[in-house]
Every structure is written in C-alpha cells, then in structure tokens.
Amino acid sequence: MRSVFTSVAAIAGVASAATAPYTDSTTGIKFSQYTDKSGYAFGMAVPETVGKDFIGQIVAPGEGWAGVSLTSSMMASTLIAAWPNGDDVIGSLRKTTTYTNPKALTGDAKLVPIAEGTSKNETHFTYTFLCQGCIVGDTSTFKADAKSAVLGWALADAAPTNPESADEAVLAYHKTGFGAYGLPMADAESADYETWAAMANGSGSSGSGSSAGASTPGASTPAAAASTPAAAASTPAAAASTPAEAPASSAEAPAATSAPAQGSVTTTTIIKTEAVTSTVYV
Ligand code: HEM
C-alpha cells in the first residue's frame, strides 16, 4: 500500500492538491485529507492492514450538515452525515436509493465519536469518529485494499430539522456543494492507528453517535479553515441533470450509480473528480 503514491499522484495532479496528509493538532491523528474550497474537509486514518474500520474526521463550515459517501455516489452507498446540535456534534449513518433525505443505515456498522476531536466554534464544526464495521467492501463502500478510496462529499448550509436525533433528523438538500474524489490510502495508513482508535469513547450503540464538543470548543482549528485548497477553481463542467428533488439550478452530479472500480483510479474517475469538486453553490 505504501508504494502506490505514483498512481494516486495522478489524482493529486488533477485535483490540484485537494488531498494531502494532515495531522490534527488536537488529537494527533494523521489523516489523508480531502479539502474543498467551501471549507469542507474529510480525513481518513486506517491501520497498515485495513479491515472493516477507519477513523474519519469531518470538518465543515456553518450550522448546516456535512456528509461523506463511502463511494462516489449518493445512491445505495453508506453515507455519514454530521451536524451541530447545540454544543454537540451529531453523526449519523444513512443510506438511500432515492435522491431524498436518506434513512438511517441498518446493520452492524456504527459510529463511535472521538470526543477530543469533536468540537464546534464560531465558524466550523468538527466530528471525529471511529467508523466500526463500515468498510463492507460491496458496492456500498470502497474496498479495504483500495489504493485510493473513491468517496463522495456533500455540504448543506441549512440545519437539519429534529437535529437532536441521529436517526430521525431530516437533512435538507446539500445545495452548498457535493462531489466525488479519490483519497490516497497510503497517506491514511499508520502504525499508530490502534492508539487513535482507542480514543473513540462516545456513545455509538445505535449505529450513530454524538459527542459533546465540551473538551475544547473552539480550540481545534479546523483543517479546512487553515488551508487553501487548489481545487478552488469553480467551473461546473457538465450540463444539468435534474432529478425531481434537485434545484432547478443544479449543475451536473457524477453518475449516480456507477462507483468506479476500487483500487484502480481510472481516467473516468479523474475527470469526474475534476468536474465535481468544482461544483459549489454559494
Ligand atoms: C434531503 C437530503 C438529500 C437530497 C434531497 C439529496 C439530493 C441529491 C441529488 C438530487 C443529487 C444529484 C445531484 C444533483 O443534481 O444535485 C445528489 C447527489 C449527491 N448526494 Fe445527495 N441528497 C441528500 C442527502 C445527501 C446526504 C446525506 C449525502 C451524504 C452524506 C449525500 C451525498 C451526495 C453525493 C456524494 C452526491 C453526488 C453523487 C450522486 O449523484 O449520487 N446526499 N443528492
């Protein structure tokens, strides 16, 4: 896994440093991190031999919600959404087969918050978590041996209704932005993973978990706020496809149901990544 830098460099070249290694100063966890010009960021950390678990960190601006798809698609994929609820940050595992508010994911996967890395300040919220049993490896997630995990992201500025309920909160359309990208897994691997995973101590028994940001609210500097991703160029590349729920002004999404082959990042993926990371609504 550590020798794959060359292949992932292709994506880095196209996505212009949208992904990079990042060490979170609050927890010390080293992530392979994707950043978007909106202020959204997602980082992943895994052990040297990847199983079903990973540590994730969502950083997002505002008071809405932010999400990760464990494939390039929203559809039929494991989704993770996080949003602030007072001083807490709530995380939720979701899944859907329609372009509507995804329902709670059923099954064995669960989110266990890492409280030290979960906080909210004036501009951003940060949700750091252990995703346990999440890398299923079927078409709903990337595969454990992927050299580059092809993931999706979404960001909404509107707060969910019923925000106190991880499973029942209703998420509004992610009109601030969405897209897909490849996350280099070599940057995500660490021999220290088990130490970091042991920090997961929040409540996560129902498949989702929240964590009070009381440890150091405002103290953790969101990664995205400090960086200036070069994926900033905003040139929505494709023509509109407008599913029923999409706003009329919606730009093109990546192909809804085609998750690119995991472990080999194809030219198609690279084009998609370039096109989609630039789709941001403001
Ligand atoms: C009410 C909630 C939601 C609605 C109405 C919604 C709607 C849509 C629509 C219509 C698209 C197609 C692109 C477009 O034309 O705009 C899309 C794409 C996408 N959505 Fe959502 N979405 C919702 C929640 C979520 C959540 C919770 C996540 C992740 C946690 C997510 C992740 C994505 C991703 C990654 C894409 C791009 C890939 C694709 O088209 O499948 N969405 N969404």
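Read-outs: derived from the displayed coordinates by stated rules, not from any lab. Only a predicted model underlies this, so the values are computations on that prediction, with no experimental measurement involved. All Cβ positions, even for glycine, are placed from backbone atoms using ideal geometry, and neighbour counts span all protein chains on display.
The table below lists the values:
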item: Equivalent ellipsoid dimensions for the range 91-184 as semi-axes, Å, which come from the Cα gyration tensor, largest first; result: 22, 17, 16
item: FRET efficiency, 1/(1 + (r/R0)^6) with R0 25 Å, evaluated for ALA186 and ALA104 via beta carbons; result: 0.15
item: Count, lysine Cα pairs under 14 Å in the range 35-171, 8 or more residues apart or across chains; result: 4
item: Ranked VAL136, VAL112, criterion: other C-beta atoms within 10 Å, fewest first; result: VAL136, VAL112
item: Fully extended contour minus Cα-Cα distance, from GLU122 to VAL170, at 0.36 nm per residue; result: 14.9 nm
item: Square roots of 5 times each gyration tensor eigenvalue, C-alpha, the range 20-201, largest first, Å; result: 22, 18, 15
item: Distance (nanometres) between label positions extended 7 Å along Cα→Cβ at THR96 and THR161; result: 1.4 nm
item: Fewest-first sequence of SER69, SER77, SER165 by Cβ atoms within 10 Å of each Cβ; result: SER165, SER77, SER69
item: Footprinting exposure proxy for ASP145, ASP157, ASP24 (fewest neighbouring C-beta atoms within 10 Å first); result: ASP145, ASP157, ASP24
